[in-house]
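These notes are about the structure you will find just below.
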Protein chains: 2
Amino acid sequence: MPAGEFELIQRYLRGLGASRDDVLLGVGDDCALVAPPPGLELALAADTIVEGVHFPKGLRAADVGHRVLAVNLSDLAAMGADPAWALLTLTLPAPDEAWLEGFAAGFGALALRHGTALVGGDTTSGPLTATVAIAGFVAPATALRRSGARAGDTVWVSGLPGEAAAGLAVLQGRIGGPAGARERLVARFLRPEPRVGLGRALRGAATACIDVSDGLAADLGKLCAASGVGAALEGARLPVSADLADCAGDGPALRFLLAGGDDYELVFTLPPGTEPPDFAGAPLARIGVVVAAPGVTLDGAPLPRDVAHGFDHFA
Amino acid sequence: MPAGEFELIQRYLRGLGASRDDVLLGVGDDCALVAPPPGLELALAADTIVEGVHFPKGLRAADVGHRVLAVNLSDLAAMGADPAWALLTLTLPAPDEAWLEGFAAGFGALALRHGTALVGGDTTSGPLTATVAIAGFVAPATALRRSGARAGDTVWVSGLPGEAAAGLAVLQGRIGGPAGARERLVARFLRPEPRVGLGRALRGAATACIDVSDGLAADLGKLCAASGVGAALEGARLPVSADLADCAGDGPALRFLLAGGDDYELVFTLPPGTEPPDFAGAPLARIGVVVAAPGVTLDGAPLPRDVAHGFDHFA
């Protein structure tokens, strides 16, 4: 066997994550073989992260491993699906065992926490890029789609959106602030926590759901477009992080909150008069209401174009 | 909605490939939703192709689209699985509608021919890279694994391995030859034909199977290692392509045949005394026998190290 690709894959990726009875054949053959549970639907997603685009050059390998799985688990969370199996394709400029070991540690720890088995994938040479394809389960007709919001529903968001983008700004020296606040923001950027448990709790409760990857306003805009509605946000209800305000100032903080990406919080809508399910993992804030007219407004005014659009990789 | 990423995804990738009743929700939400058929196993694979590594810069978009799906369909073929659903993640230096349109055409035509629906994915900016994750079905315990070859089995290969690598050599001006032969070799490189039908026919017949992506000798070596056996190839039985010999000469032709990658033919083993199933898509050649001693030999001699190792992305 070649001492390169094949052995590296075997050594670091085999057996990563949870051990699952429904994995019949894992990493090492042309395909993995898995046994889907009878009577459930499969939720499938794939997301890529590219060095210099989705994360800064020089990010620690463990943080890259965490991130590529987190963004995919977040897609399952947004559908209310239970994670099961992941495929990883990794493109590296050169074989680097220390880097692979760190990547595997970050990936594996998060996979284990979410019951996800790494079942296969591919390693190639090229610019640093990681892609995960993920599969999860959801009972028939219970998945949280983007398209179910109706006028009169309330709009909610988990956690403190904007902190992750502010953490990146701290890393890049674009904002300063107290050391403790800076560290917490950076941690939020480096280790986004996919809201899998919240997504699960929202099944049967939320009318629509999306995760915040490109920015709260932009992703809420996509949910609204898919539902054929709009959303009226109330500024006084937006959950402004104290750390974010301390580091960015009050005005910029609002901009981070609305337009910052990479939070992987969930934005969801609930039928009028209903309360969200209990969720211990993060605060849930009611930030507005679904309206018939398309578009997202803040205190009655349209959002600036750049805030509304969030992070567009091709903009 | 942003005019960039989101709309591009919608416009070119939605609805690509086959229309399938088991796709409940396709491109456009956080996840796709699919209904796996009861009682079947799922075969899952993912492969990445990188410009300048897996294909030369400047390859036509339609050929890139064909290739990234073909290499993944080939993984399903090697397991004997029936293709069903694909996820595509595409990294592009810049939004380019003409390029996306060409890519979609190449991808879509092959997907349609193999009953595969594109159900989701991701588009990001960065160096040109395409990844597909694919899922197919196989009846319980009928998948073709790499690990079932036993001493005494016969070793077979489909098609004319080496032609694809020679086609790349023609494209790169490394070999010449008659115009017709050159064109046919180039076509073999640009449009590899995944042996999905052959894989299906081999279920219940072959003891082990692998597809030729890195080179006949290297991939047969992986099959042997997984099975705990070796293989003795007979030079007189190797299917040397006339076009390949015309362009490369007889000696180099053997090297292309054994060490050239990108053919996506199947190498498989059959129990002693059995014949392969009928397959109209390509000739099948019996090229040797499985032996107890590890390693791959040619007419009794070990293969040169570089031939045995084939194409290693990190070598």
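A Förster radius of 51 Å combined with the Cβ-Cβ distance from A:A293 to B:A151 puts the calculated FRET efficiency at roughly 0.10.
Plainly put, the tip 7 Å out from Cα toward Cβ on A:A292 is 8.3 nm from that tip on each other copy, the closest given first. With the simple spin-label model, which puts each label point 7 Å out from Cα in the Cβ direction, the B:R11 to B:R174 separation comes to 3.8 nm.
For A:E275 and A:A98, a Förster radius of 41 Å and the Cβ-Cβ distance give a FRET efficiency of 0.25, rounded to the nearest 0.05. How far is helix B:179-190 tilted off the main Cα axis of chain B, in degrees rounded to 10, range 0 to 90? Here the helix axis deviates by roughly 60 degrees.
Counting only DSSP beta bridges with both residues in chain B, tell me the antiparallel percent, nearest 5.
DSSP beta bridges in chain B are roughly 75 percent antiparallel.
Between A:L223, A:L202, A:L25, find the one with the highest GNM mean-square fluctuation for chain A; connect C-alpha pairs within less than 10 Å. Highest fluctuation of the listed residues: A:L25.
Taking the protein heavy atoms of chain B in the context of the full set of protein chains, the accessible area attributed to carbon and sulfur is 55 percent at 1.4 Å.
Accessible area per residue (1.4 Å probe, heavy atoms of protein chains only) ranks A:E97, B:E275 as B:E275, A:E97, with the largest value leading. Between B:G15, B:G108, B:G80, the GNM of chain B built on Cα springs shorter than 10 angstrom shows B:G15 fluctuating the most. Take every pair of alpha-carbon atoms less than 8 Å apart whose residues are at least six positions apart; their mean separation over the length of chain B yields a relative contact order of 22 percent. With an a/c value of 1.5 or above and a/b larger than b/c for the gyration tensor axes a ≥ b ≥ c computed over the alpha-carbon atoms, the stretch A:170-264 is described as prolate.
Between the alpha-carbon centres of the stretch A:198-273 and the stretch B:10-68 there is a gap of 30 Å. Proximity of backbone amide H atoms, modeled 1.01 Å from N, is registered between B:G15 and B:V27 at under 5 Å, excluding neighbours fewer than 5 places apart on the same chain. Counting only alpha carbon atoms, the long axis of helix B:216-227 and the longest principal axis of chain B meet at about 90°. Under 11 Å from a label point set 7 Å out along the Cα-to-Cβ vector of B:R286, the amide N atoms of the stretch B:155-184 belong to B:155-156. Starting from the label point of B:S147 at 7 Å along Cα→Cβ, the same points in the other copies fall at 4.2 nm, in ascending order. Ascending distances from the B:G228 label point to its copies in the other chains, with the point 7 Å along the Cα-to-beta-carbon line: 6.2 nm.
Ranking request for peptides B:209-219, A:224-234: highest mean number of other beta-carbon atoms within 10 Å first, then the rest in descending order.
Most protected by this proxy first, the peptides run B:209-219, A:224-234.
Take each residue of peptide A:204-211, count the partner chain Cβ atoms within 10 Å of its Cβ, and average: the result is 1.
Across peptide A:90-99, how many C-beta atoms of other chains are within 10 Å of each residue C-beta, on average?
2
Restricting the calculation to alpha carbons of chain B gives Rg and Dmax of 19.8, 65 angstrom.
Across peptide A:126-139, the mean count of Cβ atoms from other chains lying within 10 Å of each residue's own Cβ comes to 6. Which of rounded, prolate or oblate describes the protein assembly as shown when judged by the alpha-carbon gyration tensor and an a/c cut-off of 1.5? Prolate, since a/c reaches 1.5 and a/b exceeds b/c.
Ranked by solvent-accessible area (1.4 Å probe, protein heavy atoms only, all chains present), the residues A:L112, A:L266 order from largest to smallest as A:L112, A:L266. Rolling a 1.4 angstrom probe over the protein heavy atoms with all chains in place gives the stretch A:154-309 an accessible area of 37 Å² per residue.
The stretch B:39-74: which residues show an accessible-area loss of 10 Å² or more, assembly versus chain alone, 1.4 Å probe? Listed by number, the residues meeting the 10 Å² cut-off are B:L40, B:E41, B:L42, B:A43, B:L44, B:A45, B:A46, B:D47, B:T48, B:V50, B:V53, B:H54. Solvent exposure of B:K57, expressed as accessible area, is near 150 Å², computed with a probe of 1.4 Å over the protein chains only. Oblate is the label for the stretch B:69-192, because a/c, from the alpha-carbon gyration tensor with a ≥ b ≥ c as root eigenvalues, is 1.5 or above and a/b does not exceed b/c.
Remark: accessible area buried at the A-B interface is about 5600 Å², both chains counted, probe radius 1.4 Å. Helix B:97-113 and the longest principal axis of the C-alpha atoms of chain B enclose an angle of approximately 60°.
The values are calculated or read from the model by the stated rules, or taken from the named source; none is laboratory data. As the structure is a computational prediction, the values presented were derived from the model and not from experiment. Cβ atoms come from the backbone with ideal geometry, glycine included; neighbour counts cover every protein chain shown. These accessible areas exclude ligands, DNA and RNA; they are computed on the full protein's heavy atoms, side chains included. Shrake-Rupley method; radii C 1.70, N 1.55, O 1.52, S 1.80 Å.
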